[in-house]
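Okay, structure first, notes after.
The values are calculated or read from the model by the stated rules, or taken from the named source; none is laboratory data. All figures in this text were calculated on a predicted structure; none of them were measured in a lab. Note that each Cβ is placed from the backbone with ideal geometry, even for glycine, and that neighbours are counted across all protein chains shown. Only protein heavy atoms, including side chains, enter the accessible area calculation; ligands, DNA and RNA are left aside. Shrake-Rupley method; radii C 1.70, N 1.55, O 1.52, S 1.80 Å.
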Amino acid sequence: MKSLLAHLHRSLLHHPPLLFVLLLTLAAIPHATGQAPASQPLIVAGGQPRAEIVIAEKPARTARLAAQELQKYVEKISGATLPIVTRTSGGGSIAIYVGKSPGTETLKVSGDDLLHGGFRMVSGDTWLALVGRDRDYTPREPWPHHARDLDRVRREWDALTGEKWEMDLNLRQTFKMQNQELGVWEQDERGSLNAVHEFLRGLGVRWYLPGDIGEIVPRHTSIALPKADRTVRPDFALRYPYQYGKRFGGKTVETLWQLRLGLNQAPDLIGPGYVAHGTNNVHAREEVKLAHPEYYTLIDGKRDTAESGKPCLSSPGLREQNVKYVRAMFDKMDVPVVSVMPADGYVGMCQCDLCQGKETPERGSFGRFSDYVWSYVDAVGRELLKSHPDRKIICLAYGASALPPLKLEKLSPNIIVCIAQQRASFYEKERREWIDELRRNWQAKLTPGAPQLCLYEYYLHPRQERAYAFLPVYFPHAIAEDLRSLKGISMGDYIEVYREADLKAFGVNALNLYVTSRLWWDTSLDVDAMVDEYCRDLYGPASEEMKAFIAYGEAHWMSMNQSTEQISESFALLAKAQQKVAPDSLPGKRIALVADYIQPLAARREQLLRTAGRENARVLRINDKNGKEITLDGKLDEPLWKKMSAYQTGELVDCTTGKPTRSKTRFHVFFSDNALYFGVRCDDPDMANVQATGDTQDDPRVLDGDHLQLLFETQNHAFYQIAVNAAGLMLDVDHNGEPKPAWKSGAKVATHRGDKFWSVEMRLPLSADLDDAVDPLNGVSGRKPAATYPWYFNVCRQRVRGTVVERSALSATPKPDFLDPSKFARLNGYAPPANWEKEKQRRADAKGALEAN
C-alpha cells in the first residue's frame, strides 16, 4: 500500500491531471481489502452493486452506449452488475446519471455547451453525473447505404445538381462510417461517452490496443463514489486518425477502441467530406473531360486528363464550376466545409497562355506553385463568401504549394489552411525550426482569432513500400513537443494511420497513436510517465526491457535501415524482454506483436552485409497499379503501360561499355496483387532473323539465341534468373548456391512479334517472405520491394546475328556476362520526395548569398 501511494505521489508531481485518478484509486484500494470507512458512499461494496445507472427514456445512441460501457467495465472490475434504469428506484442506491435526463436537469448539471466531446463529471452525496453534449448524426441523402449502392447515388446526385460532378470521396463511403452492431456513426457527438471513459480511466482501465490484448482492467471488490466537479475540454477539437480499413463500418472491436480513445472527426469544423483534393470532384468525370478540355493542365501540347486529371487553375470556367459545386454541397448536402484543394501529383506547370508567369520556381520545391494554387483557392473563397458567409472551404498546404502565397496579403476569412507535415521527422532541428516558421507565416495570412488552421499528419511508417517499414519508429517525445507548440494555434490533426488486418503491423505504431490521443485532450501530460505506464501495463515483467527497446528505437530508427549494428542492438534489446515473459502470456503476446513486425529487419541486416559496395547502384522504383488492366498477351498496348513514369521505366545500355545501343530495349515495372509485372519492348529492324533457340520450356538452349533475362535478388534470396525468348520459351534457374535448373518461378509470360520489334509481358508472383516458407523448387522467396527492403536486379538482352552477339543491360556489368550480382541495379518501393533536402540546400544558398553581401 505504501509503495503504491509513493508511486502515485511521484506521478502526481509530474502529472497534475492525475489528481482525479489519485482520488479514485485511494478510494478504491481500501475497499479491496475490506477496510472502507463505514460512512463512505460506495458504488460497489464487496462485489455487490450499491448504485444504478440512470439514462433518459430516449437517450442519444452514444449516451445509451456510454451506459452500457459503464455497466460492462464496473462488472469487469468488481463482478457487480449495475442496473441501467430510466428513473431512480430509491432505496438508498447511488444514482449515476449518464447523459442528459430529467435527473440531470433537476440537478442543473448539463454538458450541452461543451463542444467537440467535452464533458462534465460532477458528484453529490448520493449521485454522480457523467454528461456531455450528445447528438445523433443523420447523413443527408443521397448517400450509399452499401458498396453496391453507388450507381443509384450518382444518378440521384446528377439529378440533384444538374451537373456531371463526382461525389466527395468520403460521402461515397458514408456506409463505412456506421457501426450497425453498436448503432453509432463516426460523426455522432459523444461527450457523455467520453465522460464515462474518463471515469473508468480513473479506476485504472486502459485501452492501448483494440481487443482484449490491449485492455487493462484492475480488480477491486469495492468502488467508492468519487468527489468530483470537473469540466473537461479537449486541447484540440479535431482528433481524427484515419486508419486504413478501420472505419466504424468494420469490426466492432476496432470501433469500440477508437471510441475509447476519445477521438473526434469534427465535421462541424472540417466537414464530413475528405479534406484533400476536393477540386477533383469538379473535373474527374469523363463527361467533363470531353466537354471542357480547357479545364486541364496543358503539357507539351496535350491536356492532362489521365485519371482524375490535373486542373488548369487559370481556367475561368473551372473556377466558376468549382464555386457552383461548393454551393451545391452547402445547399443540397448541408455540409459546413468543402475541400477546394487541387489534384495530387503536380509535376509540371500548365503551359497554356493564361498560366504563363504564374510559377515561382525561385521559391523552391515547397513554394513553386504557392501563388498559383492559393490565388485560385482565394478567388473561390471570396466568391463563396458573398453567398455563404457562415460556411468555409479547406485546402492543404502541401507539396509545391506548402509555403504561403506572397501575392496575397491575407486569405479570404472563410478559408481553412491544413498544413501537411510529418512530426516524426522533427528529430532534425532544422526541420523543426522550418515548420515553426512555416506556421508563423501562415498565421500572418489568416484572420486573427479565427479557427483557420489545422494539421494533416502521416503515421504511415509501417506501410511496406515506405522508407521506414518494419523499423521501431517510436516518436512519443516529438509528438508531445509538437502538440504543445500547436495548442491554441491549431484546431487539431487529421492523421493518415497505416493499418493492416487485425493488429498486424501495429505493434509499434500503437504507442504513437495512444500518446497522440491522450495529448489531444491534455498537452500538459507527462509523456515519460505515459510511456512508463504503457510498458508497465502491457509488458509486465519485461517493462524495463521494453522501455529500453522503445528508447533505442526512438533514438535510432531514422538511420537503422542502413546500420547492421543498430539492427543487431534492437534485436538484442527485444530478446531481453522476451526472456522475461512466457510466450503464451499476455505480455508475451504483446511483445510478439512488436517482434513479428520488426522480424524483416533480420533479412535487411543480411542484405546490408551481402550488398556492401552497392551504395551507388542505379535506382528504379515501383508503384502499385491495377494488374487487371493488363491482358497478358505480350503486346504492351494497354493504356497502363503508356502512363508509366520515369521511375518505373528503364532503357538498356551496352553491357560492357554502358553506352546507348543501336537496337533499343525499354522496360516498365509495377506491382499489383502480390506480383511484379514487367513489360519489355525489344526494337529490332531485322525481325526476320531473330533467333528463338530451344525447343521446349526450360531448354538451356534458350540462352544461345535472342532472348531477355531478368536477374533478381530479393530481400532474403540471391539470386534468381528468368530467361525468355521471342517464341515465349522460358528458362528459370535459382542461383542461390549451386545453380538449380529444376526451380520453377511460377512466372506467367507472353510474347508478341511486331513489324520491327518483339515484346514480352511477365507476371511474377511472390510466394512468401522467408526462404523456409517457400518450396525450394517452386516460387519466389521475397516480399514487395520497398525503400527500406529493396530488391537488386538487372534486365538484360542478347541479340545474335551470325557470329555477332550484342549484349545490353539496365546496369552494365562491364563484361560480356550478365550473371554479376555486384552490378545489379536497385528496385525500391515508394521513397519520399527529396523536397526537404532541396529546400535545405536552397536555404543554405540563400544564407550564403546574404552573408556574402
Taking 0.36 nm per intervening residue step and subtracting the Cα-Cα distance, what contour gain separates Arg842 from Gln579 on full extension? 89.7 nm
Pairs beyond 24 Å (Cα-Cα), from Lys429/Lys838; Lys358/Lys642; Lys643/Lys756; Lys386/Lys407; Lys410/Lys840: Lys358/Lys642; Lys410/Lys840
Per 5 Å bin from zero, what fraction in whole % of the C-alpha pairs of the stretch 684-751 is there, up to the bin with the longest pair? 4, 18, 26, 24, 15, 8, 4, 2, 0
Tell me, what is the per residue accessible area of the stretch 651-731 in Å², probe radius 1.4 Å? 37
Per the 1.4 Å probe, what fraction of the accessible area of the chain, in percent, lies on carbon and sulfur atoms? 51
Vicinal HN-Hα couplings computed from phi for the stretch 564-574 (Karplus, 6.51 cos²θ - 1.76 cosθ + 1.60; Hz; Gly/Pro x): 5, 5, 5, 4, 4, 5, 4, 5, 5, 5, 5
With the cut-off at 1.5 for a/c, could you classify the chain from its C-alpha gyration tensor as rounded, prolate or oblate? prolate
Largest-first semi-axes in Å of the equivalent ellipsoid built from the Cα gyration tensor of the stretch 40-176 are 43, 16, 11
With a 1.4 Å probe and all protein chains left in place, how much accessible area per residue does the stretch 447-566 have, in Å²? 30
With r defined as the distance between the Cβ atoms of Asn674 and Asp633 and R0 fixed at 25 Å, what FRET efficiency is calculated, to the nearest 0.05? 0.70
For the stretch 58-132, what does the relative contact order come out to in percent, with C-alpha contacts under 8 Å and a separation of six or more? 27
So, relative contact order of the stretch 179-292 in percent, Cα under 8 Å, 6 or more apart, is 31
Given Cα positions, please report Rg to Rh for the stretch 591-689, the hydrodynamic radius being the Kirkwood one. 1.09
Cross-link reach from Lys176 to lysines, straight Cα distance under 16 Å and at least 8 residues apart if same chain, gives Lys246, Lys251
Shape call for the stretch 392-524, from the Cα gyration tensor axes a ≥ b ≥ c (a/c under 1.5 means rounded, otherwise prolate when a/b beats b/c, else oblate), comes out prolate
Using a 7 Å offset from the Cα along the Cα-to-Cβ direction at both Val804 and Ser559, what is the distance between the two label points in nm, to one decimal? 5.3
State whether the stretch 341-427 is rounded, prolate or oblate according to the following rule on the C-alpha gyration tensor (a ≥ b ≥ c being the square roots of its eigenvalues): a/c under 1.5 gives rounded; otherwise a/b larger than b/c gives prolate, and the remaining case gives oblate. oblate
Give the angle, between 0 and 90 degrees and rounded to the nearest 10, that separates the Cα long axis of helix 19-32 from the longest principal axis of the Cα atoms of the chain. 70
Quick calc: nm separation of the 7 Å Cα→Cβ label points for Lys227 and Asp624 -> 5.6
Length-normalised contact order of the chain, Cα under 8 Å, at least 6 apart, in percent, tallies to 9
So what's the angle, to the nearest 10 degrees on a 0 to 90 scale, between helix 429-443 and the longest Cα principal axis of the chain? 70
Specify the angular offset, from 0 to 90 degrees and rounded to the nearest 10, of the alpha carbon long axis of helix 2-14 from the longest principal axis of the alpha carbons in the chain. 70
